[in-house]
Amino acid sequence: MLWQIELGIYQTAARYEDVIRKSDIHISITRGAELTLRSKDFVCETVRTEVELRDISIDELGFKDGAFYEQILKHAEEKKYRVCPLEVGPAIRLAHRAQPHGQGYVIASQPCSGRLFQIYRDSLGLTLGSLSLPSRQFLVDTSMRLLLVQY
């Protein structure tokens, strides 16, 4: 699936957090996502920028038995994808409100404070979460859906 999203609308992590919490629909923010948003390494675009995102599974990238995150990113780059800016996490959570129950995505980016953003919908509703990613994490769930920037 190809998605277009605009970055640079809110320009600060605090503004994103405020907009998510005051949204007209309930969106949960996990503690890990809060820590990622509040990290000094989290930055937003200062100019409005549109990016095209593609969702792809680890299996579709060619890793049938899992892979290290670094391997996944390297292979994705060879297939003309690049990592997402960190801002994609909260931006896509605000934009993708019709996410089906049980569907989740990991935002493929450079880890921020050892975490990646993820968005999902479960029995409690829409969530902006995070995935803890130790530096040598081996990902075995080959059905995991990643969001990458397509260029």
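Any read-out appearing in this document is the output of simple, stated calculations on the displayed coordinates, not a laboratory observation. The structure displayed is predicted, hence computed values, not measured ones. Cβ: placed from backbone, ideal geometry, glycine included. Neighbour counts: every protein chain shown.
Restricting to region 43-93, name every residue that is basic (K, R), more than 19 Å from L2 (Cα to Cα) and outside any helix (DSSP H, G or I).
Step one: filter region 43-93 for residues basic (K, R), giving 48, 54, 64, 74, 79-80, 82, 93.
From what is left, the residues that are more than 19 Å from L2 (Cα to Cα) are 48, 64, 74.
Matches in region 43-93: R48, K64.
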Subset of region 53-79 [within 22 Å of A91 (Cα to Cα) and in contact with a Phe, Trp or Tyr (Cβ under 7 Å, 6 or more places away or on another chain)]: L53, R54, D55
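Can you give me the number of residues within region 94-111 that are outside any loop (DSSP other than H, G, I, E, B) and crowded, with 21+ Cβ neighbours inside 10 Å?
Residues of region 94-111 that are outside any loop (DSSP other than H, G, I, E, B), as a first pass: 94-95, 104-107, 109.
Still in the list and also crowded, with 21+ Cβ neighbours inside 10 Å: 105-107, 109.
Of the residues in that region, 4 qualify.
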Positions within region 16-33 being of a type outside the set (G, A, S), touching a Leu at 6+ places or on another chain (Cβ under 9 Å) and assigned to a helix (DSSP H, G or I), in sequence order: Y16, E17, V19, I20
